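J.: Take this structure first; my questions come after.
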Amino acid sequence: MTGCTSTETTGSSDGSKVELVKSGKLTTCTHLPYEPFQSRQDNKIVGFDVDLVDLVAKELDVTQEIVDTPFEGIQTGEDLNARKCDVAAAGMTITPVREENLDFSAPYFEATQALITKKGAGYDSLAGLKGKKLGVQQGTTGEEYAKKNGKDVETVQFEDLALLLTAVKTGQVDAAVNDNGVLFEYVRKNPDTEVTAEFETGEQYGVGVRTGNDALRAEIDKVIKAAQADGRYDAIYKKWFPAAPKS
């Protein structure tokens with residue numbers, strides 16, 4: 001059995017009360033590393049998602065506290081239900097299955113799946129990987145896409161993005177599928193790799209909250225909308241995606 005966690009309330013910008021699991025903190029569940037959305041640098045967790053949630057925390061007059069936890073507990077809503085955190089911000093695509101387990105904010109990022117290989121490997125499609133090994137990250141939409149569309153391809157599952165990308169560099173797998181944002185950032189820093197294909201999956205990221213936590217979800221939506229209107233969102237985007245023009 002898990003113990004009950006007391007909740008604290010804080011005022012939102014419209015005067016309603018937002019429940020938080022810790023007084024003075026907006027606790028975020030994420031799964032590291034997922035650069036540039038969240039990663040550890042100099043003993044500090046930083047990234048696009050971190051900066052975005054910081055805007056919400058500032059609006060609530062609290063500070064963000066980040067919990068690194070397996071992605072499975074995030075996408076199933078278990079961590080939110082257990083009051084491990086208030087929000088889940090993990091470069092997480094909004095899907096019908098996930099919406100059964102948690103509530104999402106308005107979309108804040110457009111994404112699609114992509115294929116990464118060693119530079120010059122010559123694989124630019126899933127069809128071209130017939131009989132080869134394709135790396136996927138456990139519990140992700142990339143894994144779903146690869147298993148559905150990679151005919152006669154051996155998928156190899158990895159727990160996190162770092163292990164997945166290391167497997168590509170070391171030749172443990174011939175290629176890997178993951179979200180385009182993280183793969184383009186990795187290639188920018190690792191020129192011996194390349195993104196050879198993108199698959200139009202039309203995905204959108206959302207910030208997750210416990211089902212029924214409408215006050216907090218409304219506050220997140222309000223902050224995202226305001227940040228997109230006043231330039232703060234664009235500034236965060238340019239900070240974390242310096243090589244990618246915003247579409």
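The values are calculated or read from the model by the stated rules, or taken from the named source; none is laboratory data. Since the structure is predicted, the reported quantities are computational estimates derived from the model, not experimental observations. Methodologically, a virtual Cβ is constructed for each residue, glycine included, from the backbone with ideal geometry; neighbour enumeration extends over all protein chains shown. Heads up: the accessible areas ignore ligands, DNA and RNA and are worked out on the full protein's heavy atoms, side chains in. Shrake-Rupley method; radii C 1.70, N 1.55, O 1.52, S 1.80 Å.
J.: Report the full-extension gain for the segment LYS147 to LYS169: residue separation times 0.36 nm, less the Cα-Cα distance, to one decimal in nm.
T.: 5.8 nm is the gain from fully extending LYS147 to LYS169.
J.: Please say if the stretch 21-112 is rounded, prolate or oblate, where rounded means a/c under 1.5 for a ≥ b ≥ c the square roots of the C-alpha gyration tensor eigenvalues, and otherwise the choice is prolate for a/b larger than b/c and oblate otherwise?
T.: Since a/c stays below 1.5, the shape of the stretch 21-112 is classed as rounded.
J.: Taking amide H positions as placed in the peptide plane 1.01 Å from N, state which residues far from CYS29 in sequence (5 or more) or on other chains have amide H under 5 Å from it.
T.: HN-HN under 5 Å from CYS29: VAL67, ASP86, VAL87, ALA88, ALA89.
J.: At 1.4 Å probe size, with the rest of the protein present, what percent of the exposed accessible area of the chain is carbon and sulfur atoms?
T.: The nonpolar share, carbon plus sulfur, comes to 47 percent.
J.: A follow-up question, please. At q = 0.15 Å⁻¹, what log₁₀ I(q)/I(0) does a Debye calculation on the Cα points of the chain give, no solvent, two decimals?
T.: Debye intensities relative to I(0), on a log10 scale: -1.02.
J.: OK, next. So with the 1.4 Å probe, I'd like the accessible area per residue for the chain, rounded to whole Å².
T.: Value returned for the chain: 47 Å² of accessible area per residue.
J.: Could you give the length gained by full extension between SER125 and THR155, i.e. 0.36 nm per residue of separation minus their alpha carbon distance, to one decimal place?
T.: 9.4 nm
J.: Loop by DSSP (not H, G, I, E, B), at most 14 other beta-carbon atoms within 10 Å: where is the longest site-free stretch of the chain for GluC sites (Glu not before Pro)?
T.: With a cap of 14 other Cβ atoms within 10 Å, the longest stretch comes to 1-99.
J.: Taking R0 as 22 Å, what's the FRET efficiency between THR211 and ALA82 from their Cβ-Cβ distance, rounded to 0.05?
T.: After rounding, the FRET efficiency stands at 0.95.
J.: If one takes the longest principal axis of the Cα atoms in the chain, at what angle in degrees, from 0 to 90 and to the nearest 10, does the Cα axis of helix 161-170 lie?
T.: 20
J.: Let me ask something else about it. List the lysines whose Cα sits under 28 Å from the Cα of LYS44, skipping any in the same chain fewer than 8 residues away.
T.: The reachable lysines, counting only those whose Cα sits under 28 Å from LYS44, are LYS22, LYS25, LYS58, LYS84, LYS169, LYS189, LYS222, LYS225, LYS238, LYS239, LYS246.
J.: Return the FRET efficiency for the residue pair ALA106, VAL67: r is the Cβ-Cβ distance, R0 is 22 Å, and the value is rounded to the nearest 0.05.
T.: 0.40
J.: Spelling out what I want: for every residue of the stretch 133-150, take phi, set θ = phi - 60°, compute 6.51 cos²θ - 1.76 cosθ + 1.60 (Karplus), and round to whole Hz; glycine and proline get x.
T.: Listing the rounded values in order: 9, 10, x, 9, 9, 3, x, 9, 5, x, 5, 4, 5, 5, 5, 7, 10, x Hz.
J.: Going by a ≥ b ≥ c, the root eigenvalues of the Cα gyration tensor, does the stretch 114-247 fall in the rounded group (a/c under 1.5), the prolate group (a/b larger than b/c) or the oblate group?
T.: Prolate shape, in that a/c is at least 1.5 and a/b is the bigger ratio.
J.: Can you say what percent of the DSSP beta bridges in the chain, counting only those with both residues inside, are antiparallel? Round to 5.
T.: 65
J.: Give the angle, between 0 and 90 degrees and rounded to the nearest 10, that separates the Cα long axis of helix 48-59 from the longest principal axis of the Cα atoms of the chain.
T.: In the chain, helix 48-59 runs at an angle near 10 degrees to the longest axis.
J.: Separation between the ARG232 and GLN204 pseudo-spin-labels, each 7 Å from Cα along Cα→Cβ, expressed in nm?
T.: Once both label points are built, they end up 2.1 nm from each other.
J.: List, in order, the whole-Hz ³J(HN,Hα) value for each residue of the stretch 151-157 obtained from phi through the Karplus relation with A = 6.51, B = -1.76, C = 1.60 and θ = phi - 60°; use x for Gly and Pro.
T.: Residue by residue, the stretch 151-157 yields 6, 6, 10, 8, 7, 10, 8 Hz.
J.: On to the next question. Applying the Karplus parametrisation 6.51 cos²θ - 1.76 cosθ + 1.60 with θ = phi - 60° to the phi angles of the stretch 181-191, what ³J(HN,Hα) value in whole Hz is obtained for each residue in order, glycine and proline being reported as x?
T.: Running phi through 6.51 cos²θ - 1.76 cosθ + 1.60 with θ = phi - 60° gives x, 6, 6, 5, 5, 5, 5, 4, 9, 10, x Hz.
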